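Comments concern the structure below.
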Amino acid sequence: MVKVGNYDVPEGLYYSREHEWVKLEGKLARVGATDYAQSKLGDVVYVELPEVGKQVKQATEPKTKEMELGAVESIKAVSAVYSPLSGAVKETNAALQERPELINTSPYNEGWICVLEPSALETELKNLMDAKAYVEFLKKPE
Amino acid sequence: MVTELQRRAFSMKLKHDPTFYACYPHPKFPTLSITGDECALNCKHCNRHYLRHMLPCLTPDVLFTTCLNLASNGACGVLLSGGYNDEGYLPFENYLDAIERVKRETGLFISAHTGLVPGWLAHELGRAGIDLADFDLIGDDETIKLVLGIDRTAEDYRRSLHVLKRSLPHVAPHICIGLHAGEIKGERAALEFAAEISPHALVLLVLMPTLGTEFERITGPSPAEVGELIAEARLKFPKAMLALGCMRPRDAGRVELELQALRSGIDRMEVPSEQTIEAARKLGLQVLRLDACCSVPSELTGVSTWSST
């Protein structure tokens, strides 16, 4: 585990510029919000999960609805969750509906958001960062 | 179900101002804590939980540089908050010069959670440049004892409200519906107190049962009870900006709660659901976006028309 300021950045995961993480599990990819993202959001009070089967596209600029995996709402903000990979939603974390605060308390474990079946994994992984690159990304001025 | 009281309240709202403001304080109006996650009270509904995600500014210098950075990154204002001392107010004593400098050098709109500040401190906050006090108003002695555990009375809250009104440009009373462990108790007395100062804005909150607090398992007031109280407030304050604040449950009953508030004539809501925004349009309201806390006068911040895609 690497730390940047107060933020944890576990090794072995991939990271997007939108501060989502990806954990590869065989042919599937588990997705969540990073420690940095949850910290910036504040107290998460509601999570809008994607429907299982939804097709999403990897987030690029400009952002579109097809890239959204749902939304995370905190006391004073609502932020879209942008998909770090293209593919189909296979599973969502139902526990977040009862306990949205898991995104704050356990961003890399119990607070995962969904599992994707990627459609272009090999190509799109190149657009993501490893832990070392994400650490450098976080160190850049906001 | 919409009651006759709500019908009258909504009709009054529609005639006075057919606008509904959806308020989004993040990222242009962040909350800063001058005490970090420290609080002498550990109230039963919060237990310092909501301090953890505020931007910590533990010294006057850090407060100044944080505000300078926020202003240069596009913030339009800040909410100065934090934990209370054992007298029930935010310990601003050492921050007065820093606040004055922030105001002078950044022009940010400055709101503050004051608590029961003594008269001299309220006056100094006004002199330093605080624009608005977000004042948690409690109208029942037993609630103060039960929830905050301090030796203060509702009359102390009433007095502080008047002191702040005399000292600052704006005071927005905040009344938490169901604060007495979910029961409605001193809310109507608090509305009476608020009416004495003719506030520009009145913010209604709803008790959020929060994990890790003594109130985590309590049942809060029902959406219908909240709707009724908001309708009463609407009729009592026909010209004040009436807001449903950020501190309210976002559980399964969230949309119903927001719709009750809407049908009762609420003017503003922090982070409303998509369904609520749609319902506001169907009720004939124009939806505008406000990038600030819901208590802030809209003419002092950027307001834009809603532009969801």
(request) Please report how far the C-alpha centroid of segment B:215-285 lies from that of segment A:15-84, rounded to the nearest whole angstrom. (result) 28
(request) Keeping the other protein chains in place, figure out the carbon and sulfur percent of the accessible area of segment A:2-139, with a 1.4 Å probe. (result) 47
(request) Leaving ligands, DNA and RNA out of it, report the carbon-plus-sulfur percent of the accessible area of chain B at a 1.4 Å probe. (result) 51
(message) Over segment B:175-251, what is the relative contact order in percent, taking alpha-carbon pairs closer than 8 angstrom and at least six residues apart?
(response) 40
(request) Would you mind getting the accessible area per residue of the protein assembly as shown, heavy atoms of the protein chains only, 1.4 Å probe, in Å²? (result) 43
(message) Which residues belonging to segment A:55-81 lose at least 20 Å² of 1.4 Å-probe accessible area when the assembly is complete, relative to their chain isolated?
(response) A:Lys65, A:Glu73, A:Ile75, A:Lys76, A:Ala77, A:Val78
(message) Against the empirical 2.2 N^0.38 Å scaling, what ratio does the C-alpha Rg of the protein assembly as shown come to?
(response) 0.99
(request) Give the relative contact order (percent, whole number) for segment A:2-139; include only Cα pairs under 8 Å separated by 6+ residues. (result) 31
(request) May I ask what percent, to the nearest 5, of DSSP beta bridges between residues of segment B:173-309 are antiparallel? (result) 30
(request) Among DSSP beta bridges whose residues both lie in chain B, state the antiparallel percentage, nearest 5. (result) 10
(request) Describe numerically, in nm with one decimal, the distance between label points set 7 Å from Cα along Cα→Cβ at B:Ala40 and at A:Lys27. (result) 6.4
(request) Search the structure for amide H atoms under 5 Å from the amide H of A:Val2, placed 1.01 Å from N in the peptide plane, and list their residues when 5 or more places away or on another chain. (result) A:Val9, A:Glu11
(message) Which of rounded, prolate or oblate describes chain A when judged by the alpha-carbon gyration tensor and an a/c cut-off of 1.5?
(response) rounded
(message) Once you order the gyration tensor axes a ≥ b ≥ c over the Cα atoms, which shape class does segment B:8-105 get: rounded for a/c under 1.5, otherwise prolate or oblate by comparing a/b with b/c?
(response) oblate
(request) Please state the charge dipole magnitude for segment B:162-309, taken about the Cα centre, from unit charges on C-beta atoms (+1 on K and R, -1 on D and E), reported in debye and rounded to the nearest 20. (result) 340
(message) Placing +1 on the Cβ of each Lys and Arg and -1 on the Cβ of each Asp and Glu in chain B, which of B:Phe92, B:Leu51, B:Gly186 has its Cα farthest towards the positive end of the resulting dipole?
(response) B:Gly186
(request) Mind putting a number on the dipole of chain B about its Cα centre? Charges go on the C-beta only, +1 for Lys and Arg and -1 for Asp and Glu, and I need it in Debye to the nearest 20. (result) 960
(message) Over 27 Å between Cα atoms: which of B:Lys165/B:Lys236; A:Lys76/A:Lys126; A:Lys139/B:Lys103; A:Lys40/A:Lys65; B:Lys103/B:Lys165 fall into that group?
(response) A:Lys76/A:Lys126; A:Lys139/B:Lys103
(request) Determine the dipole magnitude for the protein assembly as shown: charges of +1 sit on the beta-carbon of Lys and Arg, -1 on that of Asp and Glu, nothing else is charged, the reference point is the Cα centre, and the result goes in debye to the nearest 20. (result) 1060
(request) Would you work out the relative contact order for segment B:1-84, in percent, from Cα pairs under 8 angstrom that are 6 or more residues apart? (result) 40
(request) Write out the GluC sites (Glu not before Pro) in segment B:158-207 meeting two conditions: DSSP loop, and at most 14 other Cβ atoms within 10 Å of their Cβ. (result) B:Glu196
(request) When a/c is below 1.5 the answer is rounded, else prolate if a/b is larger than b/c, else oblate, so apply that to segment B:151-309 with a ≥ b ≥ c taken from the square roots of the Cα gyration tensor eigenvalues. (result) oblate
(request) Only bridges with both residues in the protein assembly as shown count here: give the DSSP antiparallel percent, nearest 5. (result) 50
(message) For the interface of chains B and A, what total accessible area is buried with a 1.4 Å probe, rounded to the nearest 100 Å²?
(response) 1500
(message) If you average the C-alpha positions of segment B:118-147 and of segment B:1-56 separately, how far apart do those two centres end up, in angstrom?
(response) 16
(message) Using a 7 Å offset from Cα along Cα-Cβ at A:Lys139, what residues in segment A:1-31 end up with backbone N under 11 Å from the label point?
(response) A:4-5
(request) Run the quick spin-label model on B:Arg104 and A:Gln97: label points 7 Å from Cα toward the beta carbon, then report their separation in nm to one decimal. (result) 5.6
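The values are calculated or read from the model by the stated rules, or taken from the named source; none is laboratory data. Note that the structure is a prediction, hence the values are computed from the model and not measured. Note that we place each Cβ from the backbone using ideal geometry, even for glycine, and neighbour counts take in every protein chain shown. In case anyone asks, the SASA skips ligands and DNA or RNA and just uses the protein heavy atoms, side chains included. Shrake-Rupley method; radii C 1.70, N 1.55, O 1.52, S 1.80 Å.
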